[in-house]
Amino acid sequence: MDEFSFAQKQRLAYIDFKLYFTGMVTRSEIVSHFELGLAAATRDLKIYKENALDNMAYDNVQKKYFITTQFKPIFKYDARRTLIKLANNISDGFDGIGYTSFPIESPNPLNVPCIDIIAKLSQAIINIKPINVIYTSLSSGSGARELVPHSIVDNGLRWHLRAYDRKSKSFRDFVLTRITKVTIIAQTPSHEEDKLKDHQWMRMVPLQIIPHPKNVEHPTAIKLDFGMENGMLEVNVRAAMAGYLLRRWNVDCSQEGLLSGPEYQLYLQNIQTLYGADNLSIAPGYENS
C-alpha cells in the first residue's frame, strides 16, 4: 500500500470497510462519500480488485459489489476501537460510518466531562505545566488546588486526571467532572512532581485472572468471553489502575474466593501481586494482610 497516496488509501480503506462490515459496496457510494466522478470511483474499485482479487464480486443485476467467502481485509481493524466508532457514529474518514446505519448500540454515559476542561488539561500535560483548579471532593467540598497533571484516564466508570497534588504532596486521582475551572501556571514543575516519580503509575502489575472456581458452573463460557489461554487471562496494568480494573469486572480478590453471587464470575489467582498497590479498597473482597 506504500505506493498509494493518502487520499487513495483513504478510498481503498472505505471500500474495504464497507465490504467487511456491510457486505457490499457500490460505485455511487464512493462517488457520494468522496465527491468523485464516476471514472475515479471505477478506477478505485479496479485498484482494490487488483490488490484483493478474491474479496468482492460484482452483481450485474443489483449493480453492487458483494463480499465473497474468501474475503480477507487488506487493512487492520482494532475490535474495541471499531465497536466504539460504530456505536457512536464516529468516522475517521477511512470508513462508511455516518452514511450507513449499523445495528450496534452502546449505553449513554451518565457523566460526560466538559470539553473546555479537557482541552485545558491536555494543554497543561503536553506543555508540562502546573495548573490551578477548582475541585469539589466528597470529603472536603469545593476549593482551589494546585496540581501537576500527567495523564487523563478512563477508569471504566468515569474519566479522571492523574496528577501530583501540591497540597498532599502526593500523586492522586481527580474526577474530571468535579473540576470546574482550570488555569495554567507559567511555571516549571519540580523534579519530585515529574511523572517518573509517580511510582504507582510507573509500576506494572501482572494480574492472573481465571474463571471463578466456585460461582461458575461452565468455566468454558468465561474462557471464551475473555479469550483466556490455558484457562487464564494475564493482564498487565499500572498499579494505580489495578483497583479500578478489578472493580469494573467484579474480580473476586478474596484469599479463598469467598465472594458469592452471579456478578462474581472472575477470580484473581495471584493476589500477592497487589501488594503495595493503591486504590485496593475498591477491589472486590481484597483484604490487606
Which one of the conditions (1) in contact with a strand residue (DSSP E or B) (Cβ under 7 Å, 6 or more places away or on another chain); (2) closer than 30 Å to Q269 by Cβ does L224 fail to meet, given that it meets all the rest? (1)
What are the residues in segment 6-52 that are over 20 Å from L86 (Cα atoms), modelled with pLDDT of 90 or more and of a type in the set (F, W, Y), if any? Y48
Answer yes or no as to whether R11 is touching an Asp or Glu at 6+ places or on another chain (Cβ under 6 Å), without any contact (Cβ under 8 Å) to a residue 40 or more places away in the chain and part of a helix (DSSP H, G or I). yes
For segment 139-162, which positions are in contact with a helix residue (DSSP H, G or I) (Cβ under 8 Å, 6 or more places away or on another chain) and either buried (at least 16 other Cβ atoms within 10 Å of the Cβ) or not in a loop (DSSP other than H, G, I, E, B) (or both)? V148, P149, H150, S151, I152, V153, N155, R158, W159, H160, L161, R162
Could you count how many residues in segment 144-162 are in contact with a strand residue (DSSP E or B) (Cβ under 7 Å, 6 or more places away or on another chain) and more than 17 Å from W201 (Cβ to Cβ)? 4
Leading residue by the ranking (surrounded by the fewest Cβ atoms within 10 Å (Cβ to Cβ)) among those in segment 238-289 that are out of contact with any strand residue (DSSP E or B) (no Cβ under 8 Å at 6 or more places or on another chain), small (G, A, S) and assigned to a loop (DSSP other than H, G, I, E, B): S289
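The values are calculated or read from the model by the stated rules, or taken from the named source; none is laboratory data. If you're wondering where the values come from, they're calculated on a predicted model, not measured in any experiment. All Cβ positions, glycine included, derive from the backbone under ideal geometry; neighbour counts span all protein chains shown.
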